1. So what are the radius of gyration and Dmax for the Cα set of the stretch 236-335, in Å?
2. Report the calculated FRET efficiency for Asp215 and Asp62 (r = Cβ-Cβ distance, R0 = 45 Å), to the nearest 0.05.
3. Under a crude label model (7 Å from the Cα following the beta-carbon direction), how far is Leu339 from Ala109 in nanometres?
4. Full-extension gain between Ala278 and Ala54, please, as 0.36 nm times their residue separation minus the C-alpha to C-alpha distance.
5. Please list 3J(HN,Hα) in residue order for the stretch 176-188, calculated via the Karplus relation 6.51 cos²θ - 1.76 cosθ + 1.60 where θ = phi - 60°; whole Hz, with x for glycine and proline.
6. Near the amide H of Arg238, under 5 Å away, which other amide H atoms are found, from residues 5 or more places off or on another chain, if H is placed in the peptide plane?
7. Using Cβ counts within 10 Å as a stand-in for footprinting exposure, how do Tyr57, Tyr225, Tyr309 rank, fewest first?
8. What FRET efficiency comes out for the pair Ala81/Asn251, r = Cβ-Cβ distance, R0 = 41 Å, nearest 0.05?
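Each value in this text was obtained by applying a stated rule to the coordinates, not by laboratory testing. It should be emphasised that the depicted structure is a prediction, and the values quoted were computed from it without experimental measurement. Using ideal geometry, Cβ is built from the backbone for each residue, glycine included, and neighbour counts are taken over all protein chains shown.
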Amino acid sequence: MTASRITLLEAHTALALLLALGWASACSDSPPSGPDQSAAIRIAALTSGPDMDADGYTVSVDGNTALPLAANGVLSLSGIAPGEHVVELGGVADNCAVIGPNPDSVHIARGATAEVAFVVGCRAMGGSGLVVSNPVPAPAGALLGAVRLSANADLAADSVAYVSLGTGAVPDGRFATVHSLATGLTLRTELLDGGFDPVAVPASPGDSVEVRVTDAAGGILLQAYVAVMLRRAPVIVRTQPPPRKRDVALNSVLVVVFSEPVDPATVTGASVRLLRGATAVAGTVRLLDGSGVAAVFEATELLSPGTDYRLVVTNAIRDLEGDVLESPVAVDFTTGNQLAGPVASVTVSYSLVEGYFPSTTVIRAYVRDASGNAPPAKATRIPRSSSAVPSRPKSRRALYE
């Protein structure tokens, strides 16, 4: 089993096994014995993901001296006074996040040993941020990305691969061209915030896809050839709000965009959660209508003003082939003190397919208020073609693919 395939269940199972075997026996001092015993604490880090922090972390108890802790290590401390203590994991790399409370509180009885485990998920760092999914079945007649597969029998495909670029991967990028070397299909799309949401192209295992990103003047910023693999774990392309966003509206709807369609049965209140400290926020989770790549969390009540929250997506999420999410993700953000305001900007992005007749275009409109918050409206998708062009949207809505 590779680190990138470890699930939360497996991590907790491993932790339980380590505890049963006395996994701190080779670590530092053991708790003292005798009638007036003090307490002890064992601290573990369980890390998964493609780019784990090679330097490990630091851990402190009650804000005292930080001690080193390996990415998948255990530290045992003795001579701890009985009672309540706060344990904090530090030195977490920017591409990693702690899944769960940090700092965490623990109560230790006299003569007892308490255990605290921090589960950490790490995203891939470096590289291009470009993701090409494994092929998935193409529903007949479905508009996937910008390709209506039933538009032309000669161009119909049994499977498609989803191509996406993570937010901020190419900050100055304006346009992207996705070219299938096997079919000759070329798809053009616009970037938003340095990336683009998944678009689908007909593909089979072993096919190659060329992706080229250019700036507004046509200069090439990224050019890559990616093989379509038989299996590829899904990843998170972007979230709304993004990490460390401040002044998030109190009535915000939280959005998670995956690199490919995910199994709706795995998108639940357990796999997508909103935390306030260690407390779960009540709300509903669902996939967007007509989309298998985007999930939303809608809180039952307004969020509290000026409060830190954490959106947690666990690797209980699976794609249509059963592959687990490559790494769990935690997104920290802070609310402001207002509701989402009037629409201040509408960013329109399009995807145009060359090689089909008639030509097909998908238009996405991203609606934001002055603070960058999306209005809390139902998300939908509006396809546009030569035969069906909506003349005017019926309401202001944030559109996602």
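1. 12.8, 41
2. It comes out at approximately 0.30.
3. With each label placed 7 Å out from Cα toward Cβ, I get 5.0 nm.
4. Gain in length upon complete extension: 77.9 nm.
5. 10, 10, 10, 10, 8, 5, 7, 9, x, 5, 10, 10, 10
6. Val257
7. With the fewest neighbours first, Tyr57, Tyr225, Tyr309 line up as Tyr225, Tyr309, Tyr57.
8. Given R0 = 41 Å and the Cβ-Cβ separation, E is 0.35.
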